[in-house]
Amino acid sequence: MSASFELPAPSRFTAGTVGEPGQRTFFVQASEGAATVTLKVEKTQVAALAQYVAELLADLPPVDDLELPTDDDLALVEPAVAEWVVGTIGVAVDDGGDRLVVSFQELRPQDLEQDEDDDDDPTDEDPDVGVATFSLSRAQAMGFVRRAAELVASGRPPCTLCGRPMDPTGHVCIKTNGHLK
């Protein structure tokens, strides 16, 4: 059974990476008091979460720049050791508390193997699956959005022809049909 976490007022919430572009591992991390929770995510999950949170924030009152977390607040606490790998992510707005609630569910092995004919609902609660819920201030959410945008942009540059990431050692582009540019 995996551990579950609930941080109703984390002092920090961020995304970060370990490794070189092309070989990076992405994490989300939250801290409250002495507790630090680190979860492994995919780059696309970080990008999608940041985009969705940015859209939600656009409909809420603006955040004062003085309230935003600093770069030090957004750095990963090392060593970054993931509790588990994230499968699904949910976001809700808590109007009463003026907070965004972000919920991460652990990736289940059956999520990887699920056939189209399978009748299992992926949202069915499984007591052995970890869940982490963090309640963020709008300033923390905006800090996360900015940090995530920096992380995603700092990866390998895309090929101008096919859009796939280019490796430092070269790139075999499908648009050149096996020929060099």
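Derivation of every value follows stated rules applied to the coordinates shown; laboratory data play no part. Quick caveat, the model's predicted, so the values are computed rather than measured. Here Cβ is always computed from backbone atoms with ideal geometry, including for glycine, and neighbour counts include all displayed protein chains.
Results, tabulated for the structure shown:
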| read-out | value |
| --- | --- |
| Using alpha-carbon coordinates, inclination of helix 138-153 to the longest axis of the chain, degrees | 10 degrees |
| Additional length obtainable on full extension of the chain from Ala82 to Asp59, 0.36 nm per residue less Cα span | 5.0 nm |
| Neighbour count of at most 15 Cβ within 10 Å plus DSSP loop: longest GluC sites (Glu not before Pro)-free window in the chain | 43-115 |
| Formal net charge of residues neighbouring Asp94 (Cβ-Cβ distance under 15 Å; K, R +1; D, E -1) | -2 |
| Value at 222 nm in deg cm²/dmol, rounded to 500, when DSSP H runs of n ≥ 4 in the chain each add -39,500 (n - 2.57) | -6500 deg cm²/dmol |
| Cut-off 12 Å between beta-carbons: net charge of the residues surrounding Phe5, Lys and Arg +1, Asp and Glu -1 | -4 |
| 0 to 90° range, to nearest 10: angle between helix 43-58 axis and the chain longest Cα axis | 50 degrees |
| Least to most buried among Lys175, Lys40 (fewest other Cβ within 10 Å first) | Lys175, Lys40 |
| Whole-number percent relative contact order across the range 5-176, with pairs defined as alpha carbons under 8 Å at least 6 apart | 28 percent |
| Measure of compaction for the chain (Cα Rg per 2.2 N^0.38 Å) | 1.16 |
